[in-house]
Every structure is written in structure tokens, then in C-alpha cells.
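Working notes, structure below.
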Amino acid sequence: WGISRLPALWLKLKRLSLVGRLRRGTEGKWPRLPDSCEEELLIRPLHSGDIYASFQFRTLWDTDFLHQGKKVSHYRLFPKSLGQVLSKFSVRELHISFTQGYWRTMQWGQPIVPSPPGAELWVWFHNTVADVDGNWKELTNVLSGIFCASLNFIDSTNTVQPSASFKPLGLGNATDHRFLRYATLPREIVCTENLTPWKKLLPCGSKAGLAVLMKSEKLFHSSFHSQAVHIRPVCKDWQCSSTAWELRQTLNVVFDLYTSGQGKKEWSLFKMFSRTLTEACPLASSSKVYVDVTDNPELFDLSPATSVLNTAVVLGDRRTYSVYDLTQKETFGQLRSLNLVLRWKGESDMLRPLLHAERYVAGFGLQTGEIHTLIYNNHPYRAFPVLLLDSVPWYLRLYIHTLTVTSKTRENKPSYIHYQPSKDRLRPHLLEMLVQLPPHSVTEVTVQFERALLKWTEYTPDPNHGFYVGSSVISALVPSVVAMDTNNTQERPLFSSFFPTKEESSYFVRVYTEPLLVNLPTPDFSMPYNVICLTCTVVAVGYGSFYNLLTRTFQVEEPSQPLAKRLANVIRRIRGVPLL
Amino acid sequence: MAAIETEKQRGRYAALAIAAVVIVLGIPLWWKTTETYRAWLPFSQINELDSLQLQLSVEVEVVLSRGTLSPEQQKKVPLSQTREQEHQIDAKTVLRYRYETKYRTATIMEEDALNQPSAQEADLSLHMLSESACGSVVVYIIPETSTLLPADVKVYVGQRRTALLRAALFEGTAGLKEVLSTLEPQVKQVVDTMSFSHQDILAALSDRIRVGQVSKESLADSMRAIKSSPGYEITFSLLNPDPKSHSLHWDIEGAVNSYIQPLLDKLNPIANFSVDSQILYYAVLGVNPRFDNSVSAYTLNADSLAHVINPVEARLGSNAASSNPVLNFLLYVPDAQHSPLFIRDHSKREIPSNAFHSPRWGGIMVYNVNDMYGPEAEFPVDINISMSKVMGVFLAQLRLMLGVQKTQPPPGFVLQSAGSEGLADWELDRLMWSRSVENIATASTTITSLAQLLDQISNIVINDNIAQQVSSAVTSLQAAVAELEAGNLAFALQYSREAILASERAFFDPSLLHLLYFPDDQKFAIYIPLFLPMCVPIVLSLLKIANEIRQRRADKLAKKD
């Protein structure tokens, strides 16, 4: 094995504990590896008849990217490209999501990982970074290259520093929002070219494990598609004695099988993804498929049935899941492939989501308008506060004095308002408010705005399509129906551990509203040339008459004969009589 | 009648005045407000750089030890000689080599050092005595009778910049001149080995000159070596296409520290290097190896190797954090079903290292693990990769990529194998010579073509920062050429690197493109509505005035007649 020749190296090997295997740790021959990965697929039948599939891949790496001096340069499961980005730009936390379609909270309930339509990026930088804006600019350019997205269009005009809405999800109690940057690109269109680099970051690629299901022609033939990458420092163990980096890649899809399935309410893995599962990713320490069977047996039939059930408290609700462990050979049965089949039997009513929101633009004409945000608290008897974040581009000039918050036709004074006015062509408006939502109520937030006239080079190529305004973000601690499990590190499904929970009685929810599409006054784009031509003509005419006046030779002209005399002369000429 | 005449005269003066205002005020105003900003560039100095006249100066010190000269001859040393060679490569490239040879006798300490029992020890103690400057060569002449070198060895080249040359004892009757003239060809041979050779320099200039002038081997060497750049990224990738059967472990961190890092530290004057590694699972080669029954193994033929890289490269990923060129070294462990896998050369023989390299890209090594476990092994098998075997191959490939060629010594020469760094000082000097020349050539080509471009297209805006980059590139280039002439190799390389950086930055500056595509027809479309109605009356009245003057002159002439 060549080891005997290198005793010193062998010692180093042992010390660095770079070798070994996690799954076969019983042998004792190989020490524990510093990195591990897990994969998970959650399938939740929605009451609308759609299917919600949520993939989560988590890579944990026990290393320190931000350590000064020592460079992290040897990668195993963690993707090298992301690791280099983390250490070069001193990133403490990075969240990026690409979403196509809008999550319909009223029909589908709360998503596991919420995301706004388009692209969203928020980053906490390490507090040693001196030039945060410079790092942010470079980081967006690099990420734009990694994910083949237009993130390079993120600049100071769509970046904000929220003061309260986006707290770090990982370890570290960073409160200084100077190191936070948040930007959305609601216009971004997500497609295959974004999925391919995302899949490349997975340890097994799309060759084995759950990722074989990700065929882009199926994933993008859906009502909702969202893929995300979340990187944050987390506790390595339950004592939290040391930290590890967590890379969480999530992919959420909602398939509309009712319309695409010729009206038959029946689906299977093969129908959804045109593939079945045959193996787990050999590198993953756990590989599981969860199916939400809480509403069974009246809602649907699931086959093959499994006796392994798991209950978890997700989004304030105790749910029951059938668990299929892909690392076990029995899961795949005789055919050596797992094809979950689900047949619908009946309909049932869904619990209305406790919090949801919508937004629209009111008003007429192209000069002024009004943004309405409606926040619904569907809890029958509990009031709770929500944080509303609005980032509005500078070309909609908000009249902040017209800001009104009303609940149940009475004024509802926000207990905290953070407003940063915009600067033309430099930064957007930022409005953050803490609003108390009375029980079972609709709270309406309205603010008037004026549309600015852009310079002719600032219009997008299709200005008549309208200009997007990113989603409002509503973050809230919603009272929970059941007691939450606050022990963060204990073994539980990945989808239930995305937002850290600190209280047993409430759970964290983030709701995104629809993005707005606003028409701006759009000029005729041949106008500049018309203006040039018109001005030149006016100048030329003025100049011509002026010139004429100056250079003309004036001379005294003999007064011409009156008409009668001329006529008389003509007659006289004919008659041969001397003229007058 | 007189009144009419004065009125006509006034009209004429008015037309002339307006024409004068338009010409004196209007046209310069228009010109000034619509001109593109073009900062001043040192065009004359750039034109001088276009014809590359390089002079490379080497300091050679010849130390005559006791027993090589007679006492009379010794009295005449120290003395120095200068030898020059000039090569006119083409109309624009002239190379001049200047060897300044200083002869002196050995000091007592040096004599002591030369009395060491072996050549290695002598080399080491001579190095302790004095550190010779970068780019220089010291040749110690030792007598025929010396026991330092074995009988058949004439020249010993050490790890630093010293060489020992065995020479016959000269008779006391011969003058020093004759002695030195007999020594000179031997010294020249040593210097050609330890310092640059004409072929190296030609290969470094291969972008500038016609291919025919460079010998095939040095051209191949220079084409294999990655282009000169201020920094390189070296990436080691372990490709494991079959993680279900093989669980591979490689101590890349330890291996890099013990094998690669010493060489890179040594090469620090040439460029900055950063090393990283990754493991790629389910990464496969682009070709299907063929099963060969005669050896019961899979084989890859030399002509199919060209297709191996492309599919792998999609997985490698580029370095997100820098834009330096990347050197890839891939270790491929074939999957259990396709093991063992051997690479064959053009004559169908197996390559002992089982590796190949791709010029300016990197290297691939196939590492078979099928004999490390039996048929009854439980999958996945834990396998520890022997890094000494792997790194030996990668180190050799890395040297090729960096252009550190193995020199073929002339007969009678012994080259001391380099120590842990893997590179002797004089080898580094050779690389620095050719890199300096290459950098100077590249930077001057970049700057001259930029100057030509700016000269030809008058629409391009030249901002102050570009002008500053260009002039700093020009000054660095001039400094590099001057340092080469003075024989300060380290400074020459430093300045040439600065020149290349500044010239590239100027050449690729995005601000050059801003007004590049501003078509003339659009410009005329905008100007015509203003200019046509303004100019027509002026031109017409000027013509009329000119006609009248001519008419009057003709009248006057007629009157005179």
C-alpha cells in the first residue's frame, strides 16, 4: 500500500484524521470523517389535488472557512466553488433561491422553505469585512457565474440592509445589520441552465440517490419550482462545543397532476419524475423519503405501504409521515426499485393557514398610485406581531406621510417603523414595520406613490411590459397549535429543522407576497431624434431669416404704376397711341 | 447709385462677418464639444519597443584554484574579459548576449572548501562562503590531479550556481592569454548548460518570430509549458467513478506539503501559486476503454486520450475566486468493472507511470486499485492511495507545465540532483531568463498592438487611467530591458511581470469599448438638419462674393487694356 515507505506521512494522516469512513465506523480502523451528507425527499399531497415534493440535501463540514491565515483548500463532499467563495468574501451566512411561479398559500398551506418569485439573495458577512459593498458586488458577480443567473444585475439600487427581518439562521448572534445585504430580482426567469449547476454541487451529482429524479423537463413542467442554497454555521453536536458549516440545498416543486393527468387523481414517482428510485447516494449517511400521511386513510391510498412512521411537528402542526429508508435493501423490494403510488379517494378540508398576505397596486393613470398590502391573521383568538419588510425601487417615489395601517376599520399604529428613503439611481426605499395583528382580522397597509420619469437609457428593453417591484416579506412568530420541539440537534427530518426554534409555543414563518408589476410613463423612444430634428429646424429657420435680413441689399424701388394706369397703357399699346 | 453700391457692400461685409463667426467660433466650438477624450500616450516610446533589442548579460566568475596556474601566471590575475554574441533574428528582433568573465585566484577559504572529500560537500561549503547573485555563474577550475571528481567526470554542476571544472595543469612557459584561451571553450560549455541557451530564448520568443527558427524540441517544450502569468491555480482532483465499490482516501494535504510546496516555494519569484484539491464522485472519462484479452486488462490507446478530458472538465469547475490560469491534475481510479486500466503509447506499449499530460492544461494519472482487495471483499472497500507514487508523477508533469526542462548535459558532465525542492538554483535561473524574455516580448506586443489600435480607430476614448497603465507598462518594460542589460535577473523578471500586468490591464479595460460602435451614418443623420440649412446660405453668398471679385478684376483688366 506504499504506507510502509512513508511512516512520517502515515502519522500525519492519523493526526489530521482525514481518512476514515462514517458509515462503517464500527471497524475502528478509520477515524470519523470531518464531513457528511444527508438526503431527503418529502412528498406532501396538497388538498387542491396537487403534489408538493421537497428535496433537501445537507452537507456538514467540520472546518473553519473564516480562520485567518490558514486557507481551506482541500475539499471532499463540500463543493469547492462554494467553499472558495465563502473564504474569499468572508461570508458568514449565504441564502440564495431561484423560484419560478408563486406559492399559493391559501391553497397549498405554508411551504417548507419559503421563497419569493424570481431570485433572492441575502448574505451576512463576517464582521471583519471592511468593504462590505465591494465584497457584495464581487460576490454577486461570482455567484452569477456559478449559477448561470443574472445576479450581476444586483447593485445598490436593489440592495437593502434590513434592520430586523433577516436575522442569521445559523450560529452567531450577529445583530449589526451593516454586514447584511438583501436583494431580490423578481424578473429573473429560472430554467434548466440554473438547475444544472445546482445539481453539480451535490456530492453524487445527478448520478445516484434522490437526485436521479431531477429531470429538468419534468421539474419545470410544474406549477411551482424553487431551488435554493443555504450555507450557515451550525452546531456540530448537541452540546454545541464546536461549529460546523452546513450547506443545505433544497428543491421544491408543486406538480399539477390533475390537469396534466387527464383528470385522474393518481400519481406515482414515475409519473412525476419519469424515474423511480433504485439506490441511495453511497456517500450519504442517511437517505430517506417521507410521505405525509396525516390525513390518511380517508384522503388517499399509498403503496407500497410501510410500517415505519415518523411524527414531527412542522410549522406548528403535528404531522405523521411514512418513512422509506433508501439505505435499507428491503425498501426496494423484489423489483429493486421504489415507485411510490398514491391514489386519491376523497376530498377533505384544509386547515386555513394562520398567516397569509397579498398585495396589489391601486389607482389609475400614470402619475400616482397606491400600494395595498393585506395581511390576514386567521387565528381565531390569538393576536401576534409580524414584521413587514418592503423594498420599493426608487422610481416609485413613496409618500411616506400617506402610510396607513388599518385593522378592522381602525387605525393600527405600528410599534416599530424603520424607513430609509430612496435616493434617485442610488438606493431603493426600505420600509420595515412591526405590526400587531388582531385575532381573526385583515390588516391593510397602504402607501401612495408617484411614478418617476426615467432617463431614456434607463428603460428596460421592453418598458411597456412594466417594472417589477419585489415581494414584501412578512416574518412572524405564529402561535403554535402543538408544543414545538426546541432541541435543535436531536435527530429529526431535515425539513423540520430549517428555521431554528427557540420557543415551544410558537413557530417562525416567513410569507412572501406577490411581486408587483407597475407601469411607468414610457416615452416614444424615437423622441430624442425628433427633438434633435425639431430643434435644428427651428434654429435653421431662425438663422435663415436672420441671415437673409443681414445680407440683403436694400434699394429704393420706383413705386409701381396703379392698376388702372397699367390697363390703360395696355389698351393704348394696342391702339398704337403713346403711353401715359 | 452710390447708395446702392454701399448697401451692396454692407451686405457683403455682413455675409463675410457671419462666415467668419461660423469658422472662427462655431466650428471650433462644435469640434471641442463633440471630440472624444484621448489622453496622451507615449507613442514614440512604444514605437521604439516594437523593435525588440534585447541584451542579456551574464556575469561569469572563473576561479582558478591552487595548482592550475604557475606563480608567474598568477601574478597577472585578476583580469576580466567580455565576450559578445549578436543574433539578428528578424527585422524587428535583435538578441545580444554579453558574457562578462572575471578571472581570479581562489581565496584561502575557497581552497579549504575545495579540499573537502566529495564534490557535494565542496559545493555546500562554497555556497556557505558567498552567495552568488541571481543569474550569475561561478566556475571553479580545479587541477587535473584533484580527487574531488571521479576520473571520467570533467565537470560537476552543483545545486547552486557553482560548477567545478577540471582542467589540465598548464606549463609555466605558456602565457596567461593562451591558458585562458584554452580554458574558454570549456567555460563556455559550462555556462551554456547553467545559464540560458540560444534555443531557450528563441522558444521564449516563439510568439514573435517565425516558427522555423526555433528547434523542434524547444518549441515543443515552450508549447507544453503554460503561458507566463503572474499567478497559477493548481488543482488536484481525485475522480472516483464508483463510490459504491471504492471508498478512497488520499492525504492530499500532507502530500502537497511534502512534495509540491517546496518546489512552489522555490518558484516564488516567478509566480504566485495556490493549491487546492477536491474529490469528484461519479466522474467518468470521455472514452470507453477497450478490453484486451492478452493482458486481461482494459487499455486506453494514445490516440483516444485526446477525447478523455472534455467530459471530465465540465465537472472540474473553474476557480470562482481568481482568474489565474488553472493547472489540473487528475487522479482517476477506474471503477471495479473496468479495472485494471492501462494507458498505451503509440507503439502499443504500456506506459510505466500510467499517466499522460495535456499541454497547458494538466495531467491525468490512472491509479488501479483492483489488486488491493480480494474477490470476497465487502463493498465498499476502504482504499488508501499511496501518495508518494502519485505525487512523483504529478511533480514531473508539473515541472513540464511550468517549463522547468530537464537539461541534457553534454558528455563528461555530472549534474547534482536537486534536493528536496526539486529544483537547483541554476535551473531556476534558466527559467527566469526565458520567463523574463517571454514577458518582455508579450508585454511589448500587447502595448504596440494597443497603440496601433488606438491610433487607427479615432473613436476610442482614452481615459487617464489607461494612459497611466500604458505609460507604467512602458516604463516597466524599459526598466526590465535595462536590468537585463545590466545582468540583474531578479529585477528584470520583477519589472517584466509588472509590465505584463499593466499592459493587460490597459488592453482589456472596458472603457475602451464605450464609443467604439458609434456609426458615422447616425452621426450625419443628427448633424444634417442643423448643418445643411446653416451652411448653404453662407457658402452661396461666399461664392457670389468671389464671383463678383473675379468679375471686377476682369473688368479692371479690360479697362487697362
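Within the stretch B:38-156, considering only strands (runs of 3 or more DSSP E) that don't extend past its boundaries, which have at least 3 residues that are among the charged types (D, E, K, R) and more than 30 Å from B:F507 (Cβ to Cβ)?
Result: B:79-90, B:93-105.
Check off (1) assigned to a loop (DSSP other than H, G, I, E, B); (2) of a type outside the set (G, A, S); (3) at pLDDT 85 or above for A:E491 and give me the number that stays unchecked.
(3)
Taking the condition open to solvent by 30 Å² or more (accessible area, probe 1.4 Å) and at pLDDT 90 or above, does A:L579 pass? Before the answer, list the steps.
Values: open to solvent by 30 Å² or more (accessible area, probe 1.4 Å): yes; at pLDDT 90 or above: no.
Considered against the rule, which asks whether it is open to solvent by 30 Å² or more (accessible area, probe 1.4 Å) and at pLDDT 90 or above, A:L579 comes out as no.
Here's the yes/no breakdown for (1) surrounded by 15 or more Cβ atoms within 10 Å (Cβ to Cβ); (2) at pLDDT 85 or above; (3) on the phi < 0 side of the Ramachandran plot:
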position: B:H246; (1), (2), (3): yes, yes, yes
position: B:Y259; (1), (2), (3): yes, yes, yes
position: B:A271; (1), (2), (3): yes, no, yes
position: B:A306; (1), (2), (3): no, no, yes
position: B:V312; (1), (2), (3): yes, no, yes
position: B:A320; (1), (2), (3): yes, no, yes
position: B:L331; (1), (2), (3): yes, yes, yes
position: B:L341; (1), (2), (3): yes, yes, yes
position: B:I351; (1), (2), (3): no, no, yes
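Only one of (1) away from every other protein chain (no Cβ under 12 Å); (2) surrounded by fewer than 22 Cβ atoms within 10 Å (Cβ to Cβ); (3) modelled with pLDDT under 90 fails for A:W30. Which number is that?
Only one criterion is unmet by A:W30, namely (1).
Would you say B:A297 is away from chain A (no Cβ under 14 Å), more than 30 Å from B:L219 (Cα to Cα) and modelled with pLDDT of 85 or more?
So B:A297 passes the test.
Do we find that B:P409 is more than 11 Å from chain A (Cβ to nearest Cβ) and either within 21 Å of B:S296 (Cβ to Cβ) or open to solvent by 60 Å² or more (accessible area, probe 1.4 Å) (or both) in this structure?
Working: more than 11 Å from chain A (Cβ to nearest Cβ): yes; either within 21 Å of B:S296 (Cβ to Cβ) or open to solvent by 60 Å² or more (accessible area, probe 1.4 Å) (or both): no.
The answer is no for B:P409.
Residue-wise test of (1) touching a strand residue (DSSP E or B) at 6+ places or on another chain (Cβ under 9 Å); (2) more than 26 Å from B:G135 (Cβ to Cβ).
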{"position": "B:A220", "(1), (2)": "no, no"}
{"position": "B:M223", "(1), (2)": "no, no"}
{"position": "B:S229", "(1), (2)": "no, no"}
{"position": "B:T235", "(1), (2)": "yes, yes"}
{"position": "B:I252", "(1), (2)": "yes, yes"}
{"position": "B:P262", "(1), (2)": "no, no"}
{"position": "B:L267", "(1), (2)": "yes, no"}
{"position": "B:A271", "(1), (2)": "yes, no"}
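Residues checked against (1) within 12 Å of chain A (Cβ to nearest Cβ); (2) within 30 Å of A:L139 (Cα to Cα):
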position	(1), (2)
B:L248	yes, no
B:L280	yes, yes
B:G286	no, no
B:V333	no, no
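Could you run through the stretch A:298-349 and say how many residues are touching a residue at least 40 places away in the same chain (Cβ under 8 Å) and part of a loop (DSSP other than H, G, I, E, B)?
Here the count works out to 15.
Is at least one residue of the stretch B:440-457 open to solvent by 20 Å² or more (accessible area, probe 1.4 Å), within 23 Å of B:E217 (Cβ to Cβ), more than 14 Å from chain A (Cβ to nearest Cβ) and outside any loop (DSSP other than H, G, I, E, B)?
Yes, the stretch B:440-457 contains a residue that is open to solvent by 20 Å² or more (accessible area, probe 1.4 Å), within 23 Å of B:E217 (Cβ to Cβ), more than 14 Å from chain A (Cβ to nearest Cβ) and outside any loop (DSSP other than H, G, I, E, B).
Which of (1) open to solvent by less than 40 Å² (accessible area, probe 1.4 Å); (2) touching a Phe, Trp or Tyr at 6+ places or on another chain (Cβ under 7 Å) is the odd one out, the single condition B:Y298 does not satisfy?
The failed condition is (1).
Which of (1) among the hydrophobic types (A, V, I, L, M, F, W, C); (2) open to solvent by 30 Å² or more (accessible area, probe 1.4 Å); (3) assigned by the TED database to the domain that holds B:L165 is the odd one out, the single condition B:M223 does not satisfy?
So B:M223 meets the others, but not (3).
Counting residues that are within 19 Å of B:V308 (Cα to Cα) and not β-branched (V, I, T), which strands (runs of 3 or more DSSP E) fully inside the stretch B:328-438 reach at least 2?
B:341-343, B:355-358, B:362-366
Taking the stretch B:43-73 only, how many residues are open to solvent by 70 Å² or more (accessible area, probe 1.4 Å) and either touching a Lys or Arg at 6+ places or on another chain (Cβ under 9 Å) or modelled with pLDDT under 70 (or both)?
4
Which of the helices (runs of 4 or more DSSP H) contained wholly in the stretch B:459-561 include at least 2 residues that are within 14 Å of chain A (Cβ to nearest Cβ) and free of Cβ contacts under 8 Å to residues at least 40 places away in the same chain? So that I can check it myself, show each step before the final result.
Numbers: elements: B:464-486, B:489-507, B:520-560.
Output list reads B:520-560.
The values are calculated or read from the model by the stated rules, or taken from the named source; none is laboratory data. Nothing here was measured: the structure is a model prediction, and the numbers come from that model. Note that each Cβ is placed from the backbone with ideal geometry, even for glycine, and that neighbours are counted across all protein chains shown. Surface areas here come from the heavy atoms of the whole protein model, side chains and all, with no ligands, DNA or RNA. Shrake-Rupley method; radii C 1.70, N 1.55, O 1.52, S 1.80 Å.
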